[in-house]
1. Given the conditions (1) surrounded by fewer than 19 Cβ atoms within 10 Å (Cβ to Cβ); (2) over 23 Å from S42 (Cβ atoms); (3) at pLDDT 95 or above, report the number of the one that P134 does not fulfil.
2. So which residues in the stretch 47-98 are at negative phi and among the hydroxyl-bearing types (S, T, Y)?
3. Taking interchain pairs and intrachain pairs at least six residues apart, which have beta carbon atoms under 6 angstrom, with the first residue in the stretch 128-144 and in contact (Cβ under 8 Å) with a residue 40 or more places away in the chain and the second of a type in the set (S, T, N, Q) and crowded, with 18+ Cβ neighbours inside 10 Å?
4. Going by the structure shown, is T30 under 29 Å from Q130 (Cα atoms), of a type in the set (S, T, Y) and in contact (Cβ under 8 Å) with a residue 24 or more places away in the chain?
5. Please specify each residue of the stretch 1-42 satisfying the condition of being small (G, A, S), loosely packed, with under 15 Cβ neighbours inside 10 Å and not in a helix (DSSP H, G or I).
6. Can you pull out the residues in the stretch 46-72 that are surrounded by fewer than 17 Cβ atoms within 10 Å (Cβ to Cβ) and free of Cβ contacts under 8 Å to residues at least 60 places away in the same chain?
7. Among the candidates A84, A45, which residue alone is assigned to a helix (DSSP H, G or I) and at pLDDT 95 or above?
Amino acid sequence: MGDAFVGALQNRVSNMNVYPVNYSAGLLSTGEGADDLRNHLSEVASSCPNTKFVIGGYSMGATVVDDVAGNPPPDVASRIRGIATFGNIDRRGGGMTGPLAGRWIDQCNPGDPVCQEGGRSWTAHTSYEQTNLPAQAASFVAGKL
C-alpha cells in the first residue's frame, strides 16, 4: 500500500526522501513504531531545518501515525504539513482531531471492517493500492506543502 501512495506523491512533489518506519507492524508494536518515527522526525528536523514532512500509514501504520500526529515532537509539529492514513481503526472514533487535523486525509475503502462501522470486506482492507485513494491522498498532501 505504501508504494502506491509514495509513487503518487513522487509524481506530484520533487526532491523528496522516504523513510519506512522501523517496527514489526503488530498490535503490540505500534508504540515502538511511533517512537521510531518521532526520533527520525526529530533527527531530520535538527540536521535539516527547512525540511517539511508528510507522514502516512496503512492499518497498523495508521495507528503509528495517529500516535505521532496526536503528540508530535515540539520541534517538528509545525513542519508536518500533510498526513495520510488508510484503513485506520481510529477513524471509527469519529475522525481526526487536534492541531494537525486540517492537514490530515483519512482514507477508508468502502466495506473495510477496520475503519468502517459495519464493514465486512477484508478484500476492501487489503486492496487500497487498486483504488484511487492513494492518488487522492497524494494530491491532498502535496497541496499542503
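The values are calculated or read from the model by the stated rules, or taken from the named source; none is laboratory data. Being a predicted model, the structure only gives us computed values, none of them experimental. Glycine also receives a Cβ, built like all others from the backbone with ideal geometry; neighbour counts cover every protein chain displayed.
1. Result: P134 fails condition (1) only.
2. Result: S47, T51, Y58, T63, S78, T85, T97.
3. Y128/N109; L133/Q107; A137/Q107
4. Working: under 29 Å from Q130 (Cα atoms): yes; of a type in the set (S, T, Y): yes; in contact (Cβ under 8 Å) with a residue 24 or more places away in the chain: yes.
When the stated conditions are applied, T30 passes them.
5. Matches in the stretch 1-42: S14, S24, G26.
6. Scanning the stretch 46-72 gives S46, S47, C48, P49, N50, T51, G70, N71.
7. None of the others qualify; the one that does is A45.
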